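Report on the following structure.
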Amino acid sequence: MHGWPIGRTDPSEGSRPDYLVPCGERQAPSFLLLTPKPWSPYPSFVQKKPGGSTIPSETIAARCSEHARRWLPAATLLVGAALAFRRLGNFDTWWHLASGRWIVNNRTIPDTDTLSFTVPDHPWINLQWLYDVMIYLLHGIGGADLLVITSAAAFTAAVWLLMRTLRHRLDEVAASILCLWAILIAEERFYIRPEMVSFILLQAVLWLLMTVRRNDGRGLWLLVPIMLLWVNCHSLFIIGLFCIGCAVGGALAARLPFLPSGWRQASDLGPVATRRLLISAGAVALTTLLNPYFLDGLLFPLKLMSRFDTSNAAFQTIGEFRRPFSDYFLTFSIGAFQTFFFLGIGVICVAAIVGWRAPDKGGGSSEASVRGFDLTWLLIFAGLAYLSVMARRNTSLFALGAAPIVGYCFALIGGRAKSGLRDTYRKLSGVLAPVMLVACMGLIGLVATNNYYWRDGTTREFGLGILEVNFPIRAAAFSREAGLKPRLYNDLTAGGYLTWDAAVDGGVFIDGRLEVYDTEFFSRYVKDFSHPRGWRQQLDRYDVNTVLLFHRWSNRHGMIRFLMQDPGWRLVYLDEVAVIFVRNQGNEEAIAKARRTYPAWQEKISDALFAPTPRWQRPVGRVKALSSFAAILHLIGDADAAMEVYDQLLEFRLPSEQEGRIRIIVGSYLGNKGELKKALEHLERAAELDPSNQPLRTLIQNIKQVDPTL
C-alpha cells in the first residue's frame, strides 16, 4: 500500500502506531475516526469520577478530539448545504425556465432565438437544454421551493464528492480544511443554474481519474455516460474533456526519458490502465458530439471564452466577467480565492520539487499512492488557474477542481516529510479538530441567520422561496393588469424574469443569454445607457411602447431622468425593483387604466416593504428593497417620501458604511430644510462611523458656525 495522508507514515519505515493507518487499509467508512490515541495538548492532572476512580484529563481531551475528528467531515458538509440552501435569487434562472417551457411545449430544441424580438435570426446554441427541461418540470411540480431544495441537494452532493476525493489521501482535519476553503470560494455560484450539474460531474471525473490505479482503469468507462450527460446540460463540459485530455497527456509524458524519475513513475499508469484511458478518452471525444448541434456544440465553449476578453469594455460591465484580482466588489469568497490561488501555486511548486525523484523503496502500485509528482494534476491545475484569472465566474470552478489537486500535493509533501514533522502535524491536528468543528457550527449559524450575507454585502438569503427584491414580479403583474402594449424595452437584469412571466406580448428586448446577442448588439446596448439620446433611436427603431427598467443599478438612472423629462413618455409605475414608462402617443387608454390601477398597487408595495421581519434572521432582502425604493423616490424628485423610507431603514442595525451613507443623505436633506439640529445629529453619527471623512467634518463645523447654539 502507498499514498499516505498527512501525518501518516510508510509501512516500509518499520512498525507504526495504531493511529497511522494507510488509506488503502481502512475498513471503516472514510468519515469515521481512525485515531484512537491522539495527542492531547492539555496538562496531565486527573479528575475524580463519581465512584471515586479517576479519569486523566488528557484522556478527556483525547476523547474530545476523537469525537471532533469523527464529526468534522459531516460538519463541513453541512456548511456547504447551508450555503447552498438559499432563496431563488439569480436573474438567469428564469430564462432557463422559459427555455425549458418552450422546449416542452414545442417538443423540439430551437437553433435560433425564440425568447426576444430583437435578434430572432441569431443562432442559439442551447447546450443546457436538458437542464432547462429538468428544472421546468421540477418547477411545475413544486415551484420555487422544490428548485431551492434540488439546488441545495445538488451542491451538497458535489461537496460530498469533493470530501470523498480529499479523504482518499488526507486525514479528517486536512481534508475538512481544504473542503471548507473550497466551499467558501465556490458559494458565489451556488445558484439555480447549470453549475448544479457541472460541479457534481466535475468531481465525478476527478474521482475516476484519481482512482484509475485501483483496478487498472476498469471504471474509466463511466466517463462516457458522464460526459454524455454533461454536454447536454452545460457548456462547462469542456472542463471535463480538458481534464481527461490532461490525464492522457500525463500518461503519455511518463514515457519521456528526460523527465525526472519521480514525475515519470507517478504519471505512468501502467500499460493496461493507459490503454483503457486512451480508449475511454476516444469514446468521450465522440460522445461529446452527441448534442443537438454536433460539432458546433462541441466548439461552442470556445466562443464563450471570448466574452472574458478585457479588450471589449462592454462585457466588462457584467460583474461575473470581471477579473477576480480587480478591485470590483471584493467579497469574502473573492478574498478566499485570492489566498487559495497563491497557496495552490506554492504547494504545487513544493510538491514538484519533493516528487522530483522516485522513492528508493516501497514502490507499491495502489491508486492511493503518492510516490512522485503526477503531471496530470499539474496540467489540470494550470488550466483551471488560467480560467480563474480570466473571469470571476470561474473562481468557483477553480476551487472545486483544484482542491483535490492541492490535497494530492499536500499528501506527497507529507509522505516525504521527516517523522518529526509528521508528529508535529498530528499534535496540531488534535487541537485543530475541535476548533474546526466549533467554527463550522458557528458558520452554519451565521448563514442560517443571514449574518454571513449581511456582513459580506451580498444580496442573498437563507431559506425557501423567491428573493423578490431581485425580480420585477409586481411590475410584471401590473403590466399585465394594465394591458400595456408591446413592444417592450427592458434592461439585461429584468430580462431573465420577463422571459418567464411574459407580461407584455412579443418577447423581451434582451436577457442573460449573451451567447445569443453578438458583440455589436451588446456593445450598443451598453453604450446607450451613457447616451440616452442615442437610446431614443433604439426605441423608435423597434417601435417600443413600454419601457421596464431594473433601477437598483445606478447606470440606469440616466435613462430614468431622461424619460422623466421627455414629454413623449409617462411614468405609470414604480416600486422597490422596477419603473415602467409608457409612450404617450397611441397608448392613451393604457395610460388611463394604469393611473386608475396604480393606487391599489401602492398599497401592496407599502404592505410588502413595511411588514414585520423575522427576528431571528437579518432582513437582507428587505433592507436592499428599502434602500432601492428610497433611491428611486429621491431620483424622481419625491424627497419627502424618500426620507420616510430612509427613516425606516435606520431602524435596522445596518452595516457601518451603509448607515453612514444614509445618515449623510438624511442630514443633507434636513439641513437644506433648515432643520439644523436634526441634521447635525445625523451628520455627527455619520462622522462617528467614518472618522476619516474630512469633508463631512468640515460640513459639521460649517453648520455649527451658522448656529453656534447647536
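Here residue 484 fulfils each of the conditions (1) surrounded by 23 or more Cβ atoms within 10 Å (Cβ to Cβ); (2) in a helix (DSSP H, G or I) apart from (2).
Across the stretch 310-351, the number of residues qualifying as without any contact (Cβ under 8 Å) to a residue 60 or more places away in the chain and outside any loop (DSSP other than H, G, I, E, B) comes to 9. Do we have residue 529 as assigned to a helix (DSSP H, G or I), farther than 24 Å from residue 629 by Cα and among the aromatic types (Phe, Trp, Tyr) here? Taking the combined requirement at face value, the residue does not satisfy it. The criterion of being within 27 Å of residue 624 (Cα to Cα), within 34 Å of the chain's Cα centre (by Cα), among the small types (Gly, Ala, Ser) and surrounded by 15 or more Cβ atoms within 10 Å (Cβ to Cβ) holds for residue 578. The set of residues in the stretch 159-202 that are assigned to a loop (DSSP other than H, G, I, E, B) and surrounded by fewer than 24 Cβ atoms within 10 Å (Cβ to Cβ) comprises 168, 191, 193, 194. Set side by side, the residues 124, 95 differ, and just one is over 30 Å from residue 618 (Cα atoms) and assigned by TED's automatic domain parsing to the domain that holds residue 190, which is 124. Considering only the stretch 326-340, I want to know if a residue exists there that is touching a helix residue (DSSP H, G or I) at 6+ places or on another chain (Cβ under 8 Å), loosely packed, with under 13 Cβ neighbours inside 10 Å, modelled with pLDDT under 90 and at positive phi. Yes; the residues of the stretch 326-340 include at least one that is touching a helix residue (DSSP H, G or I) at 6+ places or on another chain (Cβ under 8 Å), loosely packed, with under 13 Cβ neighbours inside 10 Å, modelled with pLDDT under 90 and at positive phi.
Taking the conditions exactly as written (part of a helix (DSSP H, G or I), over 32 Å from the mean Cα position of the chain (by Cα), of a type in the set (Lys, Arg) and assigned by TED's automatic domain parsing to the domain that holds residue 207), does residue 426 satisfy them or not? Against the criterion (part of a helix (DSSP H, G or I), over 32 Å from the mean Cα position of the chain (by Cα), of a type in the set (Lys, Arg) and assigned by TED's automatic domain parsing to the domain that holds residue 207), residue 426 qualifies. For residue 415, the conditions (1) assigned to a helix (DSSP H, G or I); (2) within 30 Å of residue 619 (Cβ to Cβ) are fulfilled apart from (2). Restricting attention to the stretch 536-571, the residues that are part of a helix (DSSP H, G or I), more than 33 Å from the chain's Cα centre (by Cα) and not polar (S, T, N, Q) add up to 8.
Does residue 654 satisfy the condition of being under 13 Å from residue 703 (Cβ atoms) and either surrounded by fewer than 19 Cβ atoms within 10 Å (Cβ to Cβ) or without any contact (Cβ under 8 Å) to a residue 60 or more places away in the chain (or both)? Criteria not met by residue 654.
Every residue, every condition in (1) assigned by TED's automatic domain parsing to the domain that holds residue 103; (2) surrounded by fewer than 19 Cβ atoms within 10 Å (Cβ to Cβ); (3) touching a Pro at 6+ places or on another chain (Cβ under 9 Å), yes or no:
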position: 431; (1), (2), (3): yes, yes, yes
position: 492; (1), (2), (3): no, no, no
position: 496; (1), (2), (3): no, no, no
position: 505; (1), (2), (3): no, yes, yes
position: 509; (1), (2), (3): no, no, no
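Scanning the stretch 571-625 for residues that are more than 17 Å from residue 648 (Cβ to Cβ) and small (Gly, Ala, Ser) turns up 578, 586, 590, 592, 594, 600. Restricting attention to the stretch 209-221, report how many residues are surrounded by 22 or more Cβ atoms within 10 Å (Cβ to Cβ) and either closer than 29 Å to residue 148 by Cα or of a type in the set (Val, Ile, Thr) (or both). Residues flagged as surrounded by 22 or more Cβ atoms within 10 Å (Cβ to Cβ) and either closer than 29 Å to residue 148 by Cα or of a type in the set (Val, Ile, Thr) (or both) within the stretch 209-221 amount to 1. Does residue 104 fit the bill of being part of a loop (DSSP other than H, G, I, E, B), aliphatic (A, V, I, L, M) and surrounded by fewer than 22 Cβ atoms within 10 Å (Cβ to Cβ)? Considered against the rule, which asks whether it is part of a loop (DSSP other than H, G, I, E, B), aliphatic (A, V, I, L, M) and surrounded by fewer than 22 Cβ atoms within 10 Å (Cβ to Cβ), residue 104 comes out as no. Only helices (runs of 4 or more DSSP H) whose full extent lies in the stretch 215-293 are considered here, and the ones with at least 1 residues that are at pLDDT 95 or above and either touching a helix residue (DSSP H, G or I) at 6+ places or on another chain (Cβ under 6 Å) or on the phi < 0 side of the Ramachandran plot (or both) are 223-231, 237-253, 271-287. Here are some residues: 411, 439. Which one is surrounded by fewer than 18 Cβ atoms within 10 Å (Cβ to Cβ) and assigned by TED's automatic domain parsing to the domain that holds residue 151? On inspection, the qualifying residue turns out to be 439. Screening the candidates 132, 171, 111, 145 for the property of being touching a residue at least 24 places away in the same chain (Cβ under 8 Å) and within 25 Å of residue 414 (Cα to Cα) yields one hit, 171. The residues in the stretch 575-598 that are out of contact with any Lys or Arg (no Cβ under 7 Å at 6 or more places or on another chain) and not in a loop (DSSP other than H, G, I, E, B) can be counted, and the count is 13.
Residues considered: 467, 400. Of these, the only one that is touching a Gly at 6+ places or on another chain (Cβ under 6 Å) and hydrophobic (A, V, I, L, M, F, W, C) is 467. The conditions of being over 30 Å from residue 96 (Cα atoms) and out of contact with any Phe, Trp or Tyr (no Cβ under 9 Å at 6 or more places or on another chain) are not met by residue 412. Which pairs turn up if I take residues in the stretch 237-256 that are in the same structural domain as residue 381 (by TED's automatic domain parsing) and look for partners that are among the acidic types (Asp, Glu) with beta carbon separation below 8 Å, at least 6 apart in sequence or on another chain? Correct list of pairs: 250/374; 251/268; 254/268; 255/268. Screening residue 458 on (1) hydroxyl-bearing (Ser, Thr, Tyr); (2) in a helix (DSSP H, G or I); (3) out of contact with any Leu (no Cβ under 8 Å at 6 or more places or on another chain) shows it passes everything except condition (2). Looking across 519, 493, 458, one residue alone is closer than 29 Å to residue 328 by Cα, touching a strand residue (DSSP E or B) at 6+ places or on another chain (Cβ under 8 Å) and among the β-branched types (Val, Ile, Thr). It is 493.
All conditions in (1) modelled with pLDDT of 90 or more; (2) within 33 Å of the chain's Cα centre (by Cα); (3) not aliphatic (A, V, I, L, M) hold for residue 613, with the sole exception of (1).
Screening residue 118 with (1) touching a residue at least 60 places away in the same chain (Cβ under 8 Å); (2) in a loop (DSSP other than H, G, I, E, B); (3) over 19 Å from residue 508 (Cα atoms) gives one miss only, at (3).
The values are calculated or read from the model by the stated rules, or taken from the named source; none is laboratory data. Computed from a predicted structure; not experimentally measured. For neighbour counting, all protein chains shown are included, and Cβ atoms are generated from backbone atoms with ideal geometry for every residue, glycine included.
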